[in-house]
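S.K.: Following this message is one structure expressed as C-alpha cells.
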Amino acid sequence: MLLDQIKKPNDIKALEPVDYDRLAEEIREFLIHSISETGGHLGSNLGVVELTMALHLAFKLPEDKIIWDVGHQSYTHKLLTGRKEGFGNLRKYGGMSGFPKRGESDCDCFDTGHSSTSLSAGLGFVRARELKGENNYVVSVIGDGALTGGMAYEALNNAARMDTNFIIVLNDNNMSISENVGGMSKYLNNVRTADHYLNMKEGIYQSLLKTRHGQVIVDSIRRAKSSVKQLVIPGMFFEDMGITYLGPVDGHDVNGLIKVLREAKRCKTAVLVHVLTQKGKGYEPAERHQARFHGAEPFDIETGVPKKMKTKANYTDVFSTVMIKLARRNPKVVAITAAMPEGTGLKRFRNVFPERFFDVGIAEQHAVTFAAGLAAAGMKPIVAVYSSFLQRAYDQILHDVCIQNLPVVFAIDRAGLVGSDGETHQGIFDLSYLSSIPNMHIMAPKNKWELSDMMKFAVAFEGPIAVRYPRGEAYDGLELFRSPIHFGKGEVLYEEEDIALLAVGSMVKVADEVRKNLKKRGYSCTLVNARFIKPIDEELIRKLCKEHKLLVTMEENVESGGFGEKVLSFVNRAGLKRKVETITLADEYVEHGNVDLLKQEVGIDADSITARVMTAYVGL
C-alpha cells in the first residue's frame, strides 16, 4: 500500500503524481475502517483528504506551518506525518488526540479545538517569522462555517494590512460564499500571481509614488481595477478588504490544488485560497447524514448504523422535549443555538416553532447579546450551548445580560467531563466562571425529571439563570424524590448524622453510591441534592454543621471558584468550625478518554470518594 510508505513528514513527496488518486482512496478506506472501530470525526476528515495531501506536497513540514481551525479535520495530516499506528487508540485515554497537539508532533504547530481561531494564530506565526528574519510559509485552514465567528473577521481585518505572505485556505464544503465561475477566474488567478505581473505592478506603483501626484494616481488605478474585478471575480469581499482571492478551486483535485497553492506562495500579501470540498466524500452514509458523521460513534461500515444503539434518553433528549412543552405554554419562549441545533436538542423545536428558533452560526458572543436584546424587548430567550463553548462569551454574559439583570436562560449541555474530545471540550469550568458574575444564578439537576422541573423554574425566573447538565444517558434513579424547587434551597434526600454529603447535579448519583458504600461500613450519612450552586443554601449548611461532624461536597468542576469552595468559605466566615472535604477536579486540564475511566483517574468515582471520606472522618 502507498500509505504504508509514509512513515514520517514529507514522505508523500516521493510519490509520483499518478499515484495521488490512489493514495487518496487508501486514506479514505483507512479512515472509514479505523473510525468505525474507535469513533471520531469522520465526515470532515473525508472531505479534506486531497486538500491535506496538496498542503503536504506544496509545503515542507515542520519548517512551514499549517494551523487547522478547530482541528477535528486533521486525521489525514496525522497520517501524512507518520502517526498511522496511533489510530488504534484514537481519542482513548493515553492515546492519540483527535485534534492537533504540539506534544504529539513538531508538525502540529498549534493546539486547537474551538472554532474561528486559526487566522489569529496564523497571524501570530507570520509576525514572529518576520521578527526572527525567517522565510517559512504559514498556512491557516478555516472552514466556511467558522467564518460565522466574529474572531475570524477581526483577524482578516488585521491580515489585510500586511505586506508579507500569509496563506489562508478556505475549506468551503457548502459552497456558501460563491460558485465557480469557470475559466475567467482561473485565468485571472494565473495572471495576478505570475512573477512578471507582480514585479511589474510593484515597479509601476513605486515609480508613480515618486512623482508629484503619484499617490492620487495609484489610488485611482486601484479603484478602477476594483470596479472591473467586481464584475468578473468571485470573493470580492476579501479583495475589498485587501486580501488577494484565488479560486474557487476543486478541493478534490490534488494537482489543481498544488498549482493554486504554489501561486499563493508568490503573493507578498495575505492571500485566500477558496477550496470547494464535499463533507463525507467517498462514504455514502457520511455524505447523506453529515450531522451524524460529524462526530461518529463506532458504526457498521456497510450500513453506517452505530454499533451501539441508544436505548435510553439522554439529557439532551429530555431538554428537547421540555422545550417543546415550554414553548406551547408560553409564546414568549424563543430558542437560540450557535450552529448546533442537533447537538443541543433544538432540531425538534426548530421543526415545530421555526419562527421562534434562531441559529446564529458559530458565534457564541453574538448569541448571548442577541438573547439579551430579545429579553430586553420582552421575550424569554433560552440559549442552548455546550459548556466549553459558552466560556467564549464570558464578557457578553457579564456585560450585556447580568449587569442589566435580564431574564436569559442558559441551558448548558455537556457540563462536566465529556470524554474523547479532551481538554478543549471538557465542561469543567462553567460553575467557576459563571459564579463570579453578580446577578447570575446556577442550578444543576440530579436526574431527568429534575432537569424538566428546573427548566420550568428557569423560564418563570426573572433574572439571568443557568441550568447545567451532563452529556450522556439521563439518570432516572432517585425518582421518588421530586419536591418542589424553591429558590436557593437544596433538597435533603436522606437525613441521618455523622457525615453530610452535598452533591451537585451529576454527582448526586455518585453520592448516592458513596452513601451506600459508607452505610455498609457502619457510617451514618445524610445525602443532600444541592440544586443551587449560586446562591448556596446557607441555612441548610448551618443546620448540617450543627448535626454532623463532617461535610463533604461533590462536583464535576474544578476546585477554584466551585461549589465546594463556596461552602468552605461560608463555613469559615460563619465560624461554624466544621471540617469540609471538597471533592472536585484539580485545577488542571483533563485529557481525552472514556468518561468513566477519567473519573477514576481524577478521583471522583464512587470508590475513590468513599476512601477519601473515610480517611477524612477518621482524621477528625
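S.K.: Hey, can you tell me all the residues within region 395-416 that are open to solvent by 10 Å² or more (accessible area, probe 1.4 Å) and under 30 Å from residue 596 (Cβ atoms)?
M.R.: Of all residues in region 395-416, those open to solvent by 10 Å² or more (accessible area, probe 1.4 Å) come to 395-396, 398-400, 403-407, 414.
Hit for region 395-416 is 414, nothing else.
S.K.: Are any residues in region 10-31 touching a residue at least 60 places away in the same chain (Cβ under 8 Å) and either open to solvent by 80 Å² or more (accessible area, probe 1.4 Å) or touching a Leu at 6+ places or on another chain (Cβ under 7 Å) (or both), and if so, which ones? Please lay out each step first, then the result.
M.R.: Step one: of region 10-31, the residues touching a residue at least 60 places away in the same chain (Cβ under 8 Å) are 11-12, 17, 20-21, 24-25, 28.
Result: 12, 21, 25, 28.
S.K.: Ok, one more. Just the residues that are within 19 Å of residue 387 (Cβ to Cβ) and in contact with a strand residue (DSSP E or B) (Cβ under 8 Å, 6 or more places away or on another chain), please, taken from region 306-336.
M.R.: Those that are within 19 Å of residue 387 (Cβ to Cβ) and in contact with a strand residue (DSSP E or B) (Cβ under 8 Å, 6 or more places away or on another chain): 314, 315, 316, 319, 323, 335, 336.
S.K.: Which condition number in (1) in contact (Cβ under 8 Å) with a residue 40 or more places away in the chain; (2) over 19 Å from residue 285 (Cβ atoms); (3) part of a loop (DSSP other than H, G, I, E, B) is the one that residue 55 fails?
M.R.: Among (1) in contact (Cβ under 8 Å) with a residue 40 or more places away in the chain; (2) over 19 Å from residue 285 (Cβ atoms); (3) part of a loop (DSSP other than H, G, I, E, B), the lone unmet condition for residue 55 is (3).
S.K.: Would you check which residues across region 427-458 are open to solvent by 10 Å² or more (accessible area, probe 1.4 Å), in contact with a Gly (Cβ under 9 Å, 6 or more places away or on another chain) and either touching a residue at least 60 places away in the same chain (Cβ under 8 Å) or assigned to a helix (DSSP H, G or I) (or both) and list them?
M.R.: 429, 432, 433, 435, 436, 441
S.K.: Okay, next question. How about region 459-525: which strands (runs of 3 or more DSSP E) wholly inside it have at least 3 residues that are touching a helix residue (DSSP H, G or I) at 6+ places or on another chain (Cβ under 7 Å) and open to solvent by less than 30 Å² (accessible area, probe 1.4 Å)? So that I can check it myself, show each step before the final result.
M.R.: Details: elements: 465-468, 491-494, 498-503.
Per the criteria, 465-468, 498-503.
S.K.: Here are some conditions: (1) closer than 29 Å to residue 155 by Cα; (2) open to solvent by less than 40 Å² (accessible area, probe 1.4 Å). Residue 60 meets all but one. Which one does it not meet?
M.R.: Answer for residue 60: the failing condition is (2).
S.K.: On to the next question. Any idea how many residues of region 106-128 are among the polar types (S, T, N, Q), buried (at least 20 other Cβ atoms within 10 Å of the Cβ) and out of contact with any Leu (no Cβ under 9 Å at 6 or more places or on another chain)? Break it down into steps so the answer makes sense when it comes.
M.R.: The initial filter retains those residues of region 106-128 that are among the polar types (S, T, N, Q), namely 112, 115-118, 120.
So of that shortlist, the ones also buried (at least 20 other Cβ atoms within 10 Å of the Cβ) come out as 112, 115-118.
Those left that are additionally out of contact with any Leu (no Cβ under 9 Å at 6 or more places or on another chain): 112, 115, 117-118.
Of the residues in region 106-128, 4 are among the polar types (S, T, N, Q), buried (at least 20 other Cβ atoms within 10 Å of the Cβ) and out of contact with any Leu (no Cβ under 9 Å at 6 or more places or on another chain).
S.K.: Given the conditions (1) in contact with a helix residue (DSSP H, G or I) (Cβ under 8 Å, 6 or more places away or on another chain); (2) crowded, with 22+ Cβ neighbours inside 10 Å; (3) in a loop (DSSP other than H, G, I, E, B), report the number of the one that residue 424 does not fulfil.
M.R.: Failing condition for residue 424: (2).
S.K.: Among the residues of region 556-577, is there at least one that is free of Cβ contacts under 8 Å to residues at least 24 places away in the same chain, open to solvent by less than 10 Å² (accessible area, probe 1.4 Å) and either farther than 21 Å from residue 514 by Cα or not in a loop (DSSP other than H, G, I, E, B) (or both)?
M.R.: Looking through region 556-577, at least one residue is free of Cβ contacts under 8 Å to residues at least 24 places away in the same chain, open to solvent by less than 10 Å² (accessible area, probe 1.4 Å) and either farther than 21 Å from residue 514 by Cα or not in a loop (DSSP other than H, G, I, E, B) (or both).
S.K.: I'd like the full set of residues that are under 22 Å from the mean Cα position of the chain (by Cα) and among the polar types (S, T, N, Q), limited to region 106-148.
M.R.: If the condition is that a residue be under 22 Å from the mean Cα position of the chain (by Cα) and among the polar types (S, T, N, Q), then 112, 115, 116, 117, 118, 120, 140, 148 are the ones that fit.
S.K.: Quick one: count up the residues across region 272-309 that are open to solvent by 40 Å² or more (accessible area, probe 1.4 Å) and of a type in the set (Ser, Thr, Tyr).
M.R.: 1
S.K.: Across region 281-315, which residue is nearest to residue 171 (Cα to Cα) among those that are in contact with a Ser or Thr (Cβ under 9 Å, 6 or more places away or on another chain) and among the aliphatic types (A, V, I, L, M)?
M.R.: Once the filter is applied, the top-ranked residue is 296.
S.K.: Do you know which of the residues in region 255-271 that are of a type in the set (Lys, Arg) and not in a loop (DSSP other than H, G, I, E, B) is most open to solvent (accessible area, probe 1.4 Å)?
M.R.: Within region 255-271, the first condition is being of a type in the set (Lys, Arg), and the residues that meet it are 259, 262, 265-266, 268.
Next cut, not in a loop (DSSP other than H, G, I, E, B) only: 259, 262, 265-266.
On the way: 259: 115, 262: 132, 265: 52, 266: 99 Å².
Restricting to residues being of a type in the set (Lys, Arg) and not in a loop (DSSP other than H, G, I, E, B), the top hit is 262.
S.K.: Looking only at residues that are touching a residue at least 40 places away in the same chain (Cβ under 8 Å) and of a type in the set (S, T, N, Q) in region 328-370, which one is surrounded by the fewest Cβ atoms within 10 Å (Cβ to Cβ)?
M.R.: 330
S.K.: Also: Within region 179-193, identify whether any single residue is modelled with pLDDT of 55 or more, touching a strand residue (DSSP E or B) at 6+ places or on another chain (Cβ under 8 Å) and either among the acidic types (Asp, Glu) or open to solvent by 20 Å² or more (accessible area, probe 1.4 Å) (or both), and answer yes or no. Reasoning before the result, please.
M.R.: Applying the first criterion (modelled with pLDDT of 55 or more) to region 179-193 yields none.
No, because not a single residue in region 179-193 is modelled with pLDDT of 55 or more, touching a strand residue (DSSP E or B) at 6+ places or on another chain (Cβ under 8 Å) and either among the acidic types (Asp, Glu) or open to solvent by 20 Å² or more (accessible area, probe 1.4 Å) (or both).
S.K.: Of the conditions (1) in contact with an Asp or Glu (Cβ under 7 Å, 6 or more places away or on another chain); (2) within 30 Å of residue 380 (Cβ to Cβ), residue 308 satisfies every one except a single condition; which number is it?
M.R.: (2)
S.K.: Can you name every residue in region 63-80 that is out of contact with any helix residue (DSSP H, G or I) (no Cβ under 6 Å at 6 or more places or on another chain) and open to solvent by 10 Å² or more (accessible area, probe 1.4 Å)?
M.R.: Correct list: 63, 64, 70.
S.K.: Right, next: List, please: which pairs have Cβ atoms under 7 Å, are six or more places apart or on different chains, and start with a residue in region 516-542 that is farther than 11 Å from residue 563 by Cα and end with one that is polar (S, T, N, Q)?
M.R.: Close Cβ pairs (under 7 Å, with a partner that is polar (S, T, N, Q)) amount to 517/610; 518/610.
S.K.: Further question on the same structure: Take the residues in region 578-620 that are outside any helix (DSSP H, G or I) and charged (D, E, K, R); name whichever of them is farthest from residue 500 (Cα to Cα).
M.R.: The initial filter retains those residues of region 578-620 that are outside any helix (DSSP H, G or I), namely 578-594, 603-605, 619-620.
Checking which are charged (D, E, K, R) leaves us with 578-579, 581, 587-588, 591, 605.
Details: 578: 11, 579: 11, 581: 10, 587: 24, 588: 27, 591: 31, 605: 18 Å.
If we take residues in region 578-620 being outside any helix (DSSP H, G or I) and charged (D, E, K, R), then 591 is farthest from residue 500 (Cα to Cα).
S.K.: Follow-up. Mind checking which residues of region 66-85 are touching a residue at least 12 places away in the same chain (Cβ under 8 Å) and farther than 12 Å from residue 105 by Cα? It would help to see each step written out before you state the result.
M.R.: Of region 66-85, the ones touching a residue at least 12 places away in the same chain (Cβ under 8 Å) are 66-84.
The answer is 66, 67, 68, 69, 70, 71, 72, 73, 74, 75, 76, 84.
The values are calculated or read from the model by the stated rules, or taken from the named source; none is laboratory data. Predicted model only: the values in this text are computed from it and were never measured. Note that each Cβ is placed from the backbone with ideal geometry, even for glycine, and that neighbours are counted across all protein chains shown. Each accessible area value is taken on the protein alone, full model and side chains, heavy atoms only, with ligands, DNA and RNA left out. Shrake-Rupley method; radii C 1.70, N 1.55, O 1.52, S 1.80 Å.
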